[in-house]
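Asker: Below you will find the structure I want to go over with you.
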Amino acid sequence: MSWISELLNIFRPVAPAPPSVDDAEEMLRLTNLHRSQKQLPLYRHNAELDEAAQKHADWMFRHNRLDHVGEGGSEFPDRARRAGYPMNTGGESINFVQGSPADVIEDWMKRPCDRANLLCRGYQDAGFGRAGNFFVAVFGSPM
């Protein structure tokens, strides 16, 4: 192997660790804790939204890019519908944080648009994804 090949291998992106079910459950728990403090209905955990969130987190990780626009120019309603969720209304929060799910939720609560997603009365379901330090939450209400 040439020194150039060896050097390229050093900088090749490493695959993220598989997402932890515990991370998604903890993010839902913390989100619902904030919702309960505001006397809002709790979000239901949704597997299709988890899939949409996870695929977008994986895409951001592979491209090292924090962006709401993803693979092929897709946006969160496209990704949710592709995963099988009949999206009527919804929102997406993304973040790059070197920390725990609690750090991500706390950071989102400080940002007006993300806080609005976490506390929206119009959404019923939530799904979460993580790839490395890229986090995604997708919220929605079905048709």
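Asker: Could you look through the range 21-42, keep only residues that are under 15 Å from the mean Cα position of the chain (by Cα) and within 22 Å of Ser141 (Cβ to Cβ), and pick out the one that is surrounded by the most Cβ atoms within 10 Å (Cβ to Cβ)? Quick ask: steps written out before the conclusion?
Answerer: Residues of the range 21-42 under 15 Å from the mean Cα position of the chain (by Cα): 21-31.
Applying the additional criterion that residues be within 22 Å of Ser141 (Cβ to Cβ) yields 24-25, 27-31.
Values: Ala24: 23, Glu25: 13, Met27: 27, Leu28: 22, Arg29: 15, Leu30: 19, Thr31: 25.
Per the stated criteria, the residue is Met27.
Asker: Test Thr31 against the stated conditions and say whether it is in contact with a helix residue (DSSP H, G or I) (Cβ under 6 Å, 6 or more places away or on another chain), outside any loop (DSSP other than H, G, I, E, B) and of a type in the set (Val, Ile, Thr).
Answerer: Numbers: in contact with a helix residue (DSSP H, G or I) (Cβ under 6 Å, 6 or more places away or on another chain): yes; outside any loop (DSSP other than H, G, I, E, B): yes; of a type in the set (Val, Ile, Thr): yes.
Considered against the rule, which asks whether it is in contact with a helix residue (DSSP H, G or I) (Cβ under 6 Å, 6 or more places away or on another chain), outside any loop (DSSP other than H, G, I, E, B) and of a type in the set (Val, Ile, Thr), Thr31 comes out as yes.
Asker: Hey, can you tell me all the residues within the range 91-111 that are closer than 16 Å to Leu66 by Cβ and polar (S, T, N, Q)?
Answerer: Residues of the range 91-111 that are closer than 16 Å to Leu66 by Cβ, as a first pass: 92-99, 103-104, 107-108, 111.
Hits for the range 91-111 are Ser93, Asn95, Gln98.
Asker: Follow-up. Anything in the range 95-118 that is surrounded by fewer than 16 Cβ atoms within 10 Å (Cβ to Cβ), among the hydrophobic types (A, V, I, L, M, F, W, C) and under 23 Å from Gln39 (Cβ atoms)? List them, or say none.
Answerer: Narrowing the range 95-118 to residues surrounded by fewer than 16 Cβ atoms within 10 Å (Cβ to Cβ): 96, 98-100, 102-103, 106, 109-113, 115-116.
Remaining after also requiring among the hydrophobic types (A, V, I, L, M, F, W, C): 96, 102, 109, 113, 116.
Once the filter is applied, which keeps residues that are surrounded by fewer than 16 Cβ atoms within 10 Å (Cβ to Cβ), among the hydrophobic types (A, V, I, L, M, F, W, C) and under 23 Å from Gln39 (Cβ atoms), the range 95-118 yields Ala102, Met109, Cys113, Ala116.
Every read-out reported here was derived from the displayed coordinates using simple, explicitly stated rules and does not represent laboratory data. Since we're looking at a predicted model, the values are computed, not measured. FYI the Cβ positions are ideal-geometry reconstructions off the backbone, even for glycines, and counts take in every protein chain you see.
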